[in-house]
Amino acid sequence: MDLARARKSRTTARHGGRVLADALVAQGIDHVFEVPGESFLDTLDGLYDQRHKLKLVTCRFEAGAVNMAEAYGKLAGRPAAAMVTRGPGACHGAIGVHVAMQDSTPMLLFVGQIPHEDAGRDAFQEVDYRRMFSPLAKWVTQIDHAKRIPEIVAHAVDVATSGRPGPVVVALSEEMQKDVVEVPDLPRVPVSVAFPDPASLEQLAHLLSRSKKPVAVLGGSCWNAQGRAAIRQFLASNNVPVTVGFRRQATYDGTLDNFAGDLGVGSDPGLIARIKEADLILALGSRLGDAVTQGYTLLDMVGSVPIVQVLPDGAEIGRVFRPALGIVADLNAFAVAAAAMPPVKGSWGAWTQELRSLREAQRAVPNYQGPLNLAAVMRELEGMLAPDAIVTTDAGNFAGWATRFLNFSEGQRYIGPTNGAMGYSVPAAVGAKIAFPDHMVVSMVGDGGFMMTGQEIATAFHHGIAPIVLVFNNQMYGTIRMHQERAYPWRVSGTALTNPDFAKLIEAFGGHGEVVNETAAFAPAFIRAVESGRPAVIELRMNPEQITTRATIADLRSGKAPPKPAPKPKRAAAAQHPKPVRAGGGAGKKRV
Ligand SMILES: Cc1ncc(C[n+]2csc(CCOP(=O)(O)OP(=O)(O)O)c2C)c(N)n1
Ligand SMILES: [Mg+2]
């Protein structure tokens, strides 16, 4: 809504729930993901009136709803809203607020609140949300007067989207939603983004010209297509080797000759060693956080190696590692400005080539034991992902297969929880497919993560959309088993799982199920899943012994004697699986 229309808009009497729904539309919110509660009936009623402008997505679990809103924010670069009920709903939804905070994702979470007159009595489902969410969210507030709704919603959107984007939690006092008021809607304020100043760009070019071993670390949220193209133009024309931060894999086109791989959990030790040799770090959108810097060990804090750090929020620049140059700028604006600079005539061609060959060597498919080689599966998948595919991931060791072996191209997206939240991938895929139905959407998730929020696949059926879920089944919380074998070899405690037949599970919903036991069965199974047009689950029955892309359980135990008395022999992995269903051959590999 523009200012002129807002001034003219008649302020008819509306209940608070309707004022809120209108305020969301006025602020450009077009998706609300919710699990209902009696605490916001009036708002649901208001949303009914706005149903043609605002898609209301009814979910099965608040963690699913909030993660869907978070995924929307990551993909669209502007916030969606989640709505949950008081107390229990807010507790379930809290995980998505943590994801949005650590991932710098714009998002709004509305929480129904108890009647004001009962506040402080430990009333039914009462929680003080300012206290509960203050360390999790960028801003927490409560609306107690219906007349303040347009103002507070507008400010909430501004806070969520400005500087370092993040989640804003807004509690809705119950009676204010019922109050009938006359209040005008407020327009969105067009705010120009921060461009880098020319002197900083010159200094950046100067630092680059003096460097012999530069490395870019790409990260951050809210990159748009123009920004991605521009950052590619800047980095490719300068032939700077590019790494991507943890779960920011598709921020750079992996097929390009200067892509050097990912910095995060389970990264190539060879790459990490080379980064320590670099003489200039271009941290473009990266906060140089815990996972990227290998637990803050990759760089030194006094800045012996010069860092140029570009972030949209000055308070985040140099938070841990002191940079030689900090640039406060919107990432897309920075990229456009940097792309316009004449390339620096650098002498680091051999260095870039060296890092690229490391990446290539990492991507070569090893001869893993067992009939299902997941490295080969990732390479098959790469050839079948649509050019604009959206891939979502969960937390877990399985994600290492994609980061090591799968290259994304510039039109593709890859989103995951940088805070390591399990249960993200399936809801994120459902939210992504609802918001962007024309894109192929593929979720990757472990057997542990799938059983946390996989039920959100019901939301996909409810909304008639068809994401494809790849379940990496190793019958365990594999990541923790890996840590366990390192710290307490041979003593498996609390990390084994018993699973359902995932293909049958999706069939019970009316979807398409596949079980893949061997490499050659994957491509035809994937094609059948796409062509089914229904939500699909492809279960990848892994060799549980291959605990990471680089190590087996035996490797982790090597040199460490089994405790005495010797443990009972481990039950054979296959015995825990139902009889494998042979995926039929037929369809050849094709891009779908
Ligand atoms: C919500 C949540 N609970 C627990 C953890 C701790 N955790 C990290 S990875 C992991 C195991 C994941 O298991 P699975 O999804 O099967 O993937 P795998 O590691 O086996 O590939 C656990 C329990 C977490 N990160 N998030
Ligand atoms: Mg697992």
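Figures for the structure shown
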| quantity | calculated |
| --- | --- |
| Selection within region 213-231 - under 10 Å from ILE281 (Cα atoms) and either among the polar types (S, T, N, Q) or surrounded by fewer than 23 Cβ atoms within 10 Å (Cβ to Cβ) (or both) | LYS213 |
| Residues of region 76-113 that turn out to be over 29 Å from GLY219 (Cα atoms), open to solvent by less than 10 Å² (accessible area, probe 1.4 Å) and in contact with a helix residue (DSSP H, G or I) (Cβ under 6 Å, 6 or more places away or on another chain), as a count | 4 |
| Qualifying residue in region 197-217 (condition: touching a residue at least 40 places away in the same chain (Cβ under 8 Å), touching a strand residue (DSSP E or B) at 6+ places or on another chain (Cβ under 7 Å) and closer than 23 Å to ALA71 by Cα) | yes |
| When residues of region 274-305 are limited to those that are open to solvent by less than 50 Å² (accessible area, probe 1.4 Å) and without any contact (Cβ under 8 Å) to a residue 40 or more places away in the chain, the one farthest from ARG164 (Cα to Cα) | VAL305 |
| Residues of region 482-504 classified as surrounded by fewer than 23 Cβ atoms within 10 Å (Cβ to Cβ), within 16 Å of ligand 2 (Cβ to nearest atom) and assigned to a helix (DSSP H, G or I), total | 4 |
| Per-region count, region 517-531, residues among the β-branched types (Val, Ile, Thr) and more than 26 Å from the chain's Cα centre (by Cα) | 1 |
| Filtered residues of region 436-453 (kept if surrounded by fewer than 24 Cβ atoms within 10 Å (Cβ to Cβ) and in a helix (DSSP H, G or I)) | MET451, MET452 |
| Members of region 505-519 that are open to solvent by 40 Å² or more (accessible area, probe 1.4 Å) and either in a helix (DSSP H, G or I) or of a type in the set (Phe, Trp, Tyr) (or both) | LEU505, GLU507, ALA508, PHE509 |
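Yes or no, residue by residue, for (1) in contact (Cβ under 8 Å) with a residue 60 or more places away in the chain; (2) of a type in the set (A, V, I, L, M, F, W, C); (3) crowded, with 22+ Cβ neighbours inside 10 Å:
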{"site": "ALA236", "(1), (2), (3)": "no, yes, no"}
{"site": "ALA260", "(1), (2), (3)": "yes, yes, yes"}
{"site": "GLY266", "(1), (2), (3)": "yes, no, no"}
{"site": "PRO343", "(1), (2), (3)": "yes, no, no"}
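Okay, residues lined up against (1) surrounded by fewer than 24 Cβ atoms within 10 Å (Cβ to Cβ); (2) within 16 Å of ligand 2 (Cβ to nearest atom); (3) modelled with pLDDT of 95 or more; (4) part of a loop (DSSP other than H, G, I, E, B):
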site: PRO371; (1), (2), (3), (4): yes, no, yes, yes
site: ALA376; (1), (2), (3), (4): yes, no, yes, no
site: ARG379; (1), (2), (3), (4): yes, no, yes, no
site: GLY383; (1), (2), (3), (4): yes, no, yes, no
site: PRO387; (1), (2), (3), (4): yes, no, yes, yes
site: GLY400; (1), (2), (3), (4): yes, yes, yes, no
site: SER409; (1), (2), (3), (4): yes, no, yes, yes
site: ASN419; (1), (2), (3), (4): yes, no, no, yes
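The values are calculated or read from the model by the stated rules, or taken from the named source; none is laboratory data. Note that this is a predicted model, so its numbers are computed, not measured. All Cβ positions, glycine included, derive from the backbone under ideal geometry; neighbour counts span all protein chains shown. Surface areas here come from the heavy atoms of the whole protein model, side chains and all, with no ligands, DNA or RNA. Shrake-Rupley method; radii C 1.70, N 1.55, O 1.52, S 1.80 Å.
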